Amino acid sequence: MENKLRQILADAIDVAPENLTDKSSPDNTPEWDSFAHLNMVAALEQEFRISLTLDEVIEMQNLPKIKEVVSRKL
Amino acid sequence: MEPDLDPSLKTNLELSLKISEVQFLVEKNQLAAADRRLRTLMEESAIPQEMEKALVQTAVALLEKLHPAKQDDRALDIFNRCSRYLKNDPRALTLAGSIFSRRGNIDEAVHHLNKAVGLAPSSPDPYLLLGDLFAQDQPGKAMESYSQYHQRNYSVLGTRTFLKRSKSLLETKGGELAFKDLPVAVVGNFTIEPLQPYLEAECFKLRVRPRFFFGGYDQYVQEMSDPQSGLYRFKPALTFLFLDHQALLPELFGAFLETAPEERLQTAQNGLEQLRKLLEKFMELSDSKLVCGNFTLPADHYMGVFDAQMEWGQKEILLEMNKTLGNFARSFPQRLFVLDIDKVLSNCGKDVVANEKMRYLAKMTVPEKALPGLAREIVRYVRPALGMTKKCLVLDLDNTLWGGILGEDGLEGIRLDLEPPGNAFYEFQKTIKTLHHRGILLAINSKNDLELVREVFEKHPYMQLKMDDFACIRANWQDKARNMREIAQELNLGLDSFVYMDDNPAERYLIQRELPEVTTVEMPPDFSEFARTLLRLDAFEVLCLTEEDKHRKHLYQAESKRRELKNQTADLQDYLNALEIQVDVCPADRFSIPRIAQLTHRTNQFNLTTRRYSESDIARFATSAGHGVYYLKTHDRFGDHGITGVCIARKTPEAWEIDTFLMSCRIIGRGIEQAFLHRICLDARSGKARKLTARYLATRKNHIAADFLPGMNFRKISHNEIETVYELDLGEESVALPPHIKLNANHGK
């Protein structure tokens, strides 16, 4: 699951998965802009068949957070 | 174990426990142990039929885990040992295909994947793997497989995978794939960028490589009014404008019930008047076609059900605004079009696709889930804009135009009437008839006895289509690919002008394999879906109806009479004389420009240079002193061919150069092309030109025009890979008018 999340995020923001750390966030990753963020949300919702709330989408600013939110939904 | 259990139940219980063990080990990633137990299980026990499904599921789950771990030997061993059970499981076949392809055993890989496709036609993965297999040597086939993959997986990731694969294919094999380029701009007042991957994917499937310009968020007014803007510098050929009514008219929709009805209407009209001025500006500053999305009708109303009763309620206002957009489009013919985005959202289901959070977060008025549908609607404009509209629909008969098999059920037995199930075929025929009325040719390709077929056309009371509606009928017992080639030959059309509908998957597969240029429609298994399938096809979209389109069916009826005469006349010259051909060559005018542009896009065969021009290009040439734009009209004793030839000449005091010379294929071979060139020579000479130069640019389709210029006494002056240049010395040589043609006098400019 962790790998899948990393891959989805990497695809959405178009960087290599190995360049993403738990510390990566929109603030320190220029590719992670608002458009890429939406891309990621759409992919997460489809792949895990979940629906994220507005708050959750705003909350998901790094990989551990993303994992926490998605796990909560499964 | 229960002692009093029925012995057969007992065996099954034991077996089911063993299968569960394997399953557990697979889940826990103990693959070697799972493999061992599966092996013992298979050796020790016979598998009763009711347990097969559980066994197959477990074995496939194991394969699924072995595959990414690249334990190919073990996986293939399982596949072979359990082949009795796995050979009909599409997932297992797909995994086996993937392993074979990993090992470079292409034939085995293709075999297994094709089998998987046959068993599970809606599953995307086999197509992806097939695409990868073909990518090296057969890029066309690879592209087709990737397209089939995306057709079955529109998800975000599926679209991304499709784009990645097609782009790498284009990079390495772009030359062979012959994609058309298209600069597309998308502007508007809400977030629409997420459309890009879907739109790019739809274009790729059409063999079009788009370049995109996406306007800044809500920047459309600046983009469209400033001649120096990024939009105009981009020089789009096709521009899409999408507007959200709430963002366009906040003063109206933000305070809807606070304003009086008449005031609401007035505000809406004022807003649209501003928009009209902007559209006008765009028409001035660009020669791109502009497609404007209409306004989406709301799923919910401020006044609830009373909205339908009130004066200038939400829905009524928006309907009025959409009507006004339609009027704008009619006032800019050939330039401005309306795209029914409300229809797209309704078809998706507004509630199903709604995504409020993205509307708040990202101003996405059109939700993500509706974007694939919107992209598909958009390419319905791309196809005709690039002249890629199909010309002829070829139909099977049995179980396609009527229910049942004519040879077995007879005239009275086939299903076609106003009651179910015959009414579905009746409706399908009516739908075909509407296509025919807008100028699409029809043909029949069927395994049947022609005499029986004729009887149905003449005697069946519910036949909506008549024999006369078909430009060509092939009802015989030869194979359908051969029939298809003959139809193409008889109608003088390229194979890529045809769409084929047949209920029989085997026949479709044959055509797909033998004649990939033909668009073979994936027919639904239930014939009640036939009419809707035809209506949903984007192959026949047009952006305008020319006079030729409306009369095309008569043109082809006259053609069949000509063929009859030709068969009766032994000598070609006698036949030509008997045709009484008359030719008119005229300078382009306002009425002929749309048709001239259409011909430059559609004519692929008898076309010396295959240069495509838009209407505005043609209009510019027609008014420039340095150019002559001619069109050719011809008729004979059987009827009028309409405008079927175009010549564009570039004039210098020294020489005239033929930029474009093309003729519709159906009139070639009767000396008409020579008469046309004769007339161009006369004009060039009276324009004091001493030479007429022309070039032949070979394409994959225009070889029939290769020998035209040398045959007309033109001298070859240079030749390279791209072009052959010819000239005619007007002082010494001339092109004679064939004696059987009457050239009517018309005055050029």
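The values are calculated or read from the model by the stated rules, or taken from the named source; none is laboratory data. What you see is a predicted model, and the numbers here were worked out from it, not measured in a lab. Reconstructed Cβ throughout: ideal geometry from the backbone, glycine too, with neighbour counts over all protein chains shown. The area values use the complete protein model at the heavy-atom level, side chains included, leaving out ligands, DNA and RNA. Shrake-Rupley method; radii C 1.70, N 1.55, O 1.52, S 1.80 Å.
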Filter result for the condition that a residue is under 28 Å from B:Val521 (Cβ atoms), open to solvent by less than 10 Å² (accessible area, probe 1.4 Å) and among the polar types (S, T, N, Q), over B:Ser166, B:Ser155: B:Ser166
Total residues in region B:360-388, condition open to solvent by less than 50 Å² (accessible area, probe 1.4 Å), hydroxyl-bearing (Ser, Thr, Tyr) and within 14 Å of another protein chain (Cβ to nearest Cβ): 1
Search result, residues across region B:174-198 that are over 20 Å from A:Ala43 (Cβ atoms) and open to solvent by less than 40 Å² (accessible area, probe 1.4 Å): B:Gly174, B:Leu177, B:Phe179, B:Leu182, B:Pro183, B:Val184, B:Ala185, B:Val186, B:Val187, B:Gly188, B:Asn189, B:Phe190
Count of residues meeting criterion [within 14 Å of chain B (Cβ to nearest Cβ) and either open to solvent by less than 20 Å² (accessible area, probe 1.4 Å) or among the charged types (D, E, K, R) (or both)] in region A:10-36: 7
Flag if B:Val305 is more than 14 Å from chain A (Cβ to nearest Cβ), in a strand (DSSP E or B), farther than 30 Å from A:Glu59 by Cβ and open to solvent by 40 Å² or more (accessible area, probe 1.4 Å): no
Hey, B:Ile511 farther than 21 Å from B:Gln605 by Cβ, open to solvent by less than 10 Å² (accessible area, probe 1.4 Å) and among the β-branched types (Val, Ile, Thr) or not: yes
All helices (runs of 4 or more DSSP H) inside region B:337-399 with 1 or more residues being free of Cβ contacts under 8 Å to residues at least 40 places away in the same chain and over 25 Å from the mean Cα position of the chain (by Cα): B:350-353, B:356-362
Residues of region B:194-236 that turn out to be small (Gly, Ala, Ser) and in contact with a Lys or Arg (Cβ under 7 Å, 6 or more places away or on another chain), as a count: 1
B:Lys164, sole failed condition from (1) within 14 Å of chain A (Cβ to nearest Cβ); (2) touching a residue at least 24 places away in the same chain (Cβ under 8 Å): (2)
Test: residue in region B:341-359 that is among the β-branched types (Val, Ile, Thr) and within 14 Å of chain A (Cβ to nearest Cβ): yes
Options B:Leu170, B:Leu195; residue that is within 14 Å of chain A (Cβ to nearest Cβ) and at pLDDT 95 or above: B:Leu195
Yes/no for B:Glu108 being within 22 Å of B:Met42 (Cβ to Cβ), more than 14 Å from chain A (Cβ to nearest Cβ) and open to solvent by 10 Å² or more (accessible area, probe 1.4 Å): no
Conditions (1) open to solvent by less than 60 Å² (accessible area, probe 1.4 Å); (2) within 26 Å of B:Ala424 (Cα to Cα); number of the one not met by B:Glu522: (1)
Which numbered condition A:Thr21 misses (of (1) under 21 Å from B:Leu361 (Cβ atoms); (2) without any contact (Cβ under 8 Å) to a residue 60 or more places away in the chain; (3) of a type in the set (Val, Ile, Thr)): (1)
Top-ranked residue of region A:45-55 - restricted to ones that are within 9 Å of another protein chain (Cβ to nearest Cβ) and crowded, with 16+ Cβ neighbours inside 10 Å, ranked as nearest to A:Ala16 (Cα to Cα): A:Glu47
Criterion: acidic (Asp, Glu), modelled with pLDDT under 90 and not in a helix (DSSP H, G or I) - qualifying residue of B:Glu43, B:Glu2: B:Glu2
Subset of region B:417-469 [closer than 15 Å to B:Asp396 by Cβ and open to solvent by 50 Å² or more (accessible area, probe 1.4 Å)]: B:Lys447, B:Asp449, B:Leu450, B:Leu452
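Rundown of residues vs (1) closer than 18 Å to B:Leu95 by Cβ; (2) among the polar types (S, T, N, Q); (3) surrounded by 18 or more Cβ atoms within 10 Å (Cβ to Cβ), yes/no style:
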site: B:Asp4; (1), (2), (3): no, no, no
site: B:Ser20; (1), (2), (3): no, yes, no
site: B:Val26; (1), (2), (3): yes, no, yes
site: B:Gln30; (1), (2), (3): no, yes, no
site: B:Ala46; (1), (2), (3): no, no, no
site: B:Val56; (1), (2), (3): yes, no, yes
site: B:Ala61; (1), (2), (3): yes, no, no
Unique residue being without any contact (Cβ under 8 Å) to a residue 60 or more places away in the chain and within 29 Å of B:Lys566 (Cβ to Cβ) when the list is B:His719, B:His641, B:His635, B:His627: B:His635
Boolean, B:Ser123 is hydroxyl-bearing (Ser, Thr, Tyr) and either under 24 Å from the mean Cα position of the chain (by Cα) or buried (at least 22 other Cβ atoms within 10 Å of the Cβ) (or both): yes
Yes/no for A:Ala42 being within 9 Å of chain B (Cβ to nearest Cβ), crowded, with 16+ Cβ neighbours inside 10 Å and not aromatic (Phe, Trp, Tyr): yes
Leading residue by the ranking (nearest to the other protein chains (Cβ to nearest Cβ)) among those in region A:57-74 that are open to solvent by 20 Å² or more (accessible area, probe 1.4 Å) and more than 9 Å from the chain's Cα centre (by Cα): A:Ile58
Qualifying residue in region B:217-238 (condition: β-branched (Val, Ile, Thr) and in contact with a Pro (Cβ under 9 Å, 6 or more places away or on another chain)): no
Considering residues of region B:238-288 that are closer than 20 Å to B:Pro227 by Cβ and open to solvent by 30 Å² or more (accessible area, probe 1.4 Å) only, the residue farthest from the chain's Cα centre (by Cα): B:Gln274
